[in-house]
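Since the structure comes first, as structure tokens, the remarks are kept for the end.
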Amino acid sequence: MIRLSGLRKSFGENTVLDGVDLDIAPGRVTALIGPSGSGKSTLLRCVNLLEVPEAGSLELDTLRITFNPDGRLPQKDVLAVRRSTGMVFQNFQLFPHRTVMENVTESLVIVQRWPLDRARARAAELLRTVGMGDKADAYPATLSGGQQQRVAIARALAASPKLLLCDEPTSALDPELAAEVVDVLGRLAEDGMTMLMATHDLRLAGRIAQHVVFLQGGEIVEQGPPAEIFGHPRDERTIRFVRTLSNTA
Ligand SMILES: Nc1ncnc2c1ncn2[C@@H]1O[C@H](COP(=O)(O)OP(=O)(O)OP(=O)(O)O)[C@@H](O)[C@H]1O
Ligand SMILES: [Mg+2]
């Protein structure tokens, strides 16, 4: 079980997460939706400690971290959280001067201290999983956006995280390339990967998420199965937001 309780985060005077409570069921996909600026990226970044919340707690399996306003955390907890989570970003963020293979092996070799041949074998397997097995020696700039994102997914999975965090994984892609990425994420979901993903992509959320969370103003307004949130939202704010999503999809 992954559980966020009372998570708070501000930037200066701006309270961006205002006491977020969320249970993330293992083996399920949770989609995070909400208007621009509602705190989706910040929430994802708090889960892997790219941002440090100032109150609340994070439980990830046996690990439990309680946050406090001084923002200091035991280094071993930070490392444990980083090891347990993988992150996929909207703009891929591959290392441009490294090959596809090197992008995927980097953290295994540098952070986890795996021997190079073991890391390469693991990377080759993951690249096959995302349909990029024949591009191991290519550089990111020579790949399409969809291919880069699939490499980024392989990289995020390298250390076998317990939770995959995805921040708008398809929104920088043309529909056709987005579809490739949706397929890859859909297969991971079928294989039981636990995911938390921020997305505006109704196709992505509708196809692979079992749970949808609507965030606005740093608070969870409503959550439930996709059919409920997209088809029969209850809160006036969710109704309004879902209407804008359907109009732009
Ligand atoms: N590093 C930062 N420093 C200061 N303010 C920040 C920082 N990161 C985010 N914010 C602010 O936090 C609020 C929430 O931003 P966040 O990026 O989490 O929203 P979002 O829901 O992901 O939006 P979008 O849909 O546009 O990606 C915004 O007001 C933003 O300006
Ligand atoms: Mg965002």
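The values are calculated or read from the model by the stated rules, or taken from the named source; none is laboratory data. This is a predicted model, so every value here is computed, not measured. Positions of Cβ are backbone-derived with ideal geometry, glycine not excepted, and every protein chain shown enters the neighbour counts. Note: areas computed on protein heavy atoms with side chains; ligands, DNA, RNA excluded. Shrake-Rupley method; radii C 1.70, N 1.55, O 1.52, S 1.80 Å.
Remarks
- Residues with amide H under 5 Å from that of Arg28, placed H, sequence gap 5 or more: Met195
- Ignoring the sites themselves, the chain has its longest run without trypsin sites (Lys or Arg not before Pro) in a DSSP loop having at most 13 other Cβ atoms within 10 Å at 114-233.
- Sequence-distant residues sharing a close amide H with Leu49 (under 5 Å, placed H): none
- Proportion of all alpha-carbon pairs of the chain beyond 29 Å (%): 29
- Amide H within-cut-off set for Cys166, under 5 Å, with H built and near neighbours excluded: Val88, Leu196, Met197, Ala198
- Helical content of the chain, expressed as a calculated mean residue ellipticity at 222 nm, amounts to -11500 deg cm²/dmol (DSSP H runs of 4 or more residues, -39,500 (n - 2.57) each, divided by residue number, nearest 500).
- Of the solvent-accessible surface of the chain, computed with a 1.4 Å probe and all protein chains present, 48% belongs to carbon and sulfur.
- Estimated vicinal HN-Hα couplings, Hz - the stretch 138-152 in sequence order (Karplus 6.51, -1.76, 1.60; Gly, Pro = x): 7, 9, x, 4, 8, 9, 5, x, x, 5, 4, 5, 5, 5, 4
- Spin-label zone in the stretch 72-103 - amide nitrogen under 17 Å from a point set 7 Å from the Cα of Ser10 along the C-beta vector: 72
- Within a Gaussian network of the chain (alpha carbon springs, distance under 10 Å), most fluctuating of Thr199, Thr15, Thr105: Thr15
- Lysine pair count for the chain [Cα-Cα under 25 Å; pairs on different chains or 8 or more apart]: 5
- Entry comment: accessible area of the stretch 1-158 is 47 Å² per residue, from protein heavy atoms only and a probe of 1.4 Å.
- HN-Hα J in Hz across the stretch 166-175 - Karplus 6.51, -1.76, 1.60, θ = phi - 60°, x for Gly and Pro: 10, 9, 6, x, 10, 7, 8, 10, 4, x
- Positive minus negative residues near Gln147 (Lys, Arg vs Asp, Glu; Cβ under 10 Å): +1
- Residue-by-residue Karplus 3J(HN,Hα) for the stretch 117-131, coefficients 6.51, -1.76, 1.60, Hz, glycine and proline x: 5, 5, 4, 5, 5, 4, 5, 4, 4, 5, 5, 5, 4, 9, x
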